[in-house]
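Quick notes on the structure that follows.
The values are calculated or read from the model by the stated rules, or taken from the named source; none is laboratory data. Note that the structure is a prediction, hence the values are computed from the model and not measured. Cβ atoms come from the backbone with ideal geometry, glycine included; neighbour counts cover every protein chain shown. We work out accessible area using only protein heavy atoms, side chains counted, and drop any ligands, DNA or RNA first. Shrake-Rupley method; radii C 1.70, N 1.55, O 1.52, S 1.80 Å.
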Amino acid sequence: MVGCGSIGQAILPLLFKHLAISPKQLTIIEADKRGVKVAARYKVKHQVCALTKDNYEKEIRKRVNLGDFLLNLSVDTSSADIMELCHELGVLYLDTVAEPWAGFYTDSRLNAEQRSNYALREGILALKRKHKEGPTAVSCMGANPGLVSSFIKQALLNIARDTGVKTEKPKNRDEWARLAQKLGIKVIHVAERDTQVSPKPKEVGEFVNTWSIDGFVSEGGQPAEMGWGTHEKALPPDGSEHTFGCMAAIYLNRPGFSTRVRTWTPGEGPFHGFIITHNESISTSDYFSIVEDGKVIYRPTAHYAYHPCDAAVLSLHEMAGKNGQQQKRQRLIVDEITAGNDELGVLLMGHKKTSYWFGSDLSIQETRKLVPYNNATSLQVAVAALAGLMYAIENPSLGIIEAEDLDHDFVLKISKPYLGKLHGKYSDWTPLQDRAKLFPEDLDTSDPWQFKNFRVN
Ligand code: NAD
């Protein structure tokens, strides 16, 4: 296992509960000592070893053999490079994000397109084309990206059931896309509201969050990105199309940490979420595209709409005011959380019943009863990675796969016991709600599902 921060520590108890392995079979390497205590509790070997572009081959070759599994839960290590090495060594692989080597996110020689998640995903897709077969390597299988792809499929089946559309479980990508089209899905948000709180307020000059602060700052500083639906009438004024690749997404020439949209979850109701770029924004729109005679005839808009814990919103606000300069101090809150939930799901919009959210509502109290060393956020990620890992072990020769390629029933069966209340809720919410009377000139009232109606700034 590479990395033992919030997610690495969160998954350790689950690995020993669900896999028939002994501590001797697992080695953890990470750049520092943050996972030492939890590793010792599970009697797992822990080594401090920061992987770099220059040393990763040597360090990984030393530690893994044919038939092993490399679980990559670190920041600042290249998913593509490590994945390719695992391919060569006959080693199964999983990560929760398509991560680059350190320095990529802040490299001023790269333009916005080159620093996008779109570009990182294209790197993984190029590898997939190069190595058509081989040991299974699961790309981007955490909560989101990851688990939410299974939520979308379950949500589609639920909407079909509730709107009288007869369907069997689709068997492949084209059938899933045609089901989404038939139901009239125009926009998909990964709508998340994290309400976990610590009694200790955020201090000036400190970044507080419920998961990786470095990871969040990195992705928040990338351009805001969204899968771009065929119903959209116009590109946003600050939007750009890509010059290469699958063409399923666009990006804005501004960072996600200062770009907000209107969204909705059952617990919170309407709220503003940040369009933090994520792999699933692109892979969802790509997966649900229907192409006929070389022309895309259907594709939903898809992106993340994230309200992190309130202390993280304040931290982002402070960081944005310093033009993205990260605070020197960080506080990852786990044990000190006293209340709150992570409500993480997918909001499918545009169908007969308007909007439907499906996902996990997990409280900190329930999390603590379920698995130690977790908060609600990390458990949603850890259990999804566990499901991906078990899927790879059961299907060891699939080559490189994305979260959409996993059987969603398998993923939901493994993860459900750890997701708190896993449920769906319909709503008549649209981004025009309560606004048409106040600011009609900003809106396209002829189609509520236009991106410009969602956008706050
Ligand atoms: P964290 O910041 O808590 O921990 C990061 C870990 O990476 C630490 O153990 C650190 O020592 C290690 N590390 C840093 N540089 C390294 C290097 N060069 N070589 C080896 N190890 C190195 O992060 P986290 O919250 O545990 O997140 C881990 C990863 O999972 C991040 O990439 C994050 O973006 C991703 N993530 C994905 C999801 C999802 O839902 N898909 C959710 C949360 C986190």
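Listing for the model above:
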| item | result |
| --- | --- |
| Distant-in-sequence amide H partners of residue 331 (H built 1.01 Å from N, under 5 Å) | 207, 208, 209 |
| Within the stretch 365-457, trypsin sites (Lys or Arg not before Pro) in DSSP loop having at most 10 other beta-carbon neighbours inside 10 Å | 437 |
| Reachable lysines, given that their alpha-carbon falls under 29 Å from the alpha-carbon of residue 62 and they are not under 8 places away in the same chain | 17, 24, 33, 37, 43, 45, 53, 128, 130, 132 |
| Area of residue 407 that stays accessible when all protein chains are in place (1.4 Å probe, Å², to 10) | 60 |
| For the stretch 166-290: rounded, prolate or oblate by the Cα gyration tensor [a/c cutoff 1.5] | prolate |
| Residue-normalised accessible area of the chain, given per residue in Å² at a 1.4 Å probe | 41 |
| Span from the the stretch 97-151 Cα centroid across to the the stretch 249-324 one, whole angstrom | 17 |
| Cα-based Kirkwood hydrodynamic radius, the stretch 197-256, one decimal, Å | 14.2 |
| Shape call, the stretch 10-69: gyration tensor on alpha carbons, a/c limit 1.5 | oblate |
| Mean residue ellipticity (222 nm) of the chain, computed from DSSP H runs ≥ 4 via -39,500 (n - 2.57), nearest 500 | -9500 deg cm²/dmol |
| 25 °C / 0.890 mPa s Stokes-Einstein diffusion coefficient of the stretch 6-139, Kirkwood radius on C-alpha pairs, µm²/s | 154 |
| Selection of GluC sites (Glu not before Pro), the stretch 93-187, meeting DSSP coil and at most 13 other Cβ within 10 Å | 133, 168 |
| Under 19 Å from the Cα of residue 233 - lysines, other chains or at least 8 residues apart | 186, 295, 452 |
| Distance from the stretch 60-82 to the stretch 358-377 (C-alpha centre basis), Å | 28 |
| Calculated FRET efficiency for the pair residue 33/residue 53, C-beta based, R₀ 25 Å, to 0.05 | 0.65 |
| Spatially proximal lysines relative to residue 171 (Cα-Cα < 20 Å; intrachain offsets below 8 disregarded) | 153, 182, 413 |
| Rounded to whole Hz, the Karplus (6.51, -1.76, 1.60) HN-Hα couplings of the stretch 359-368, x for glycine and proline | x, 10, 10, 10, 8, 5, 5, 5, 3, 5 |
| ³J(HN,Hα), Karplus 6.51/-1.76/1.60, whole Hz, each residue of the stretch 444-449, x for Gly, Pro | 9, 6, 6, 8, x, 8 |
| Solvent-accessible surface ranking, highest first, for 349, 247 at 1.4 angstrom | 247, 349 |
| HN-Hα J in Hz across the stretch 10-23 - Karplus 6.51, -1.76, 1.60, θ = phi - 60°, x for Gly and Pro | 5, 8, 3, x, 6, 4, 6, 6, 9, 10, 7, 10, 9, x |
| Charge dipole magnitude, Cβ of K and R +1, D and E -1 - the chain, Cα centre, debye nearest 20 | 840 |
| Two-decimal Rg to Rh for the chain - Kirkwood Rh, Cα set | 0.94 |
| Euclidean distance of C-alpha centroids, the stretch 1-30 and the stretch 391-430, integer Å | 21 |
| Shape box of the stretch 269-320 [Cα atoms, principal axes, largest first, Å] | 49, 25, 13 |
| Shape category assigned to the stretch 136-179 from the gyration tensor of Cα positions, a/c cut at 1.5 | oblate |
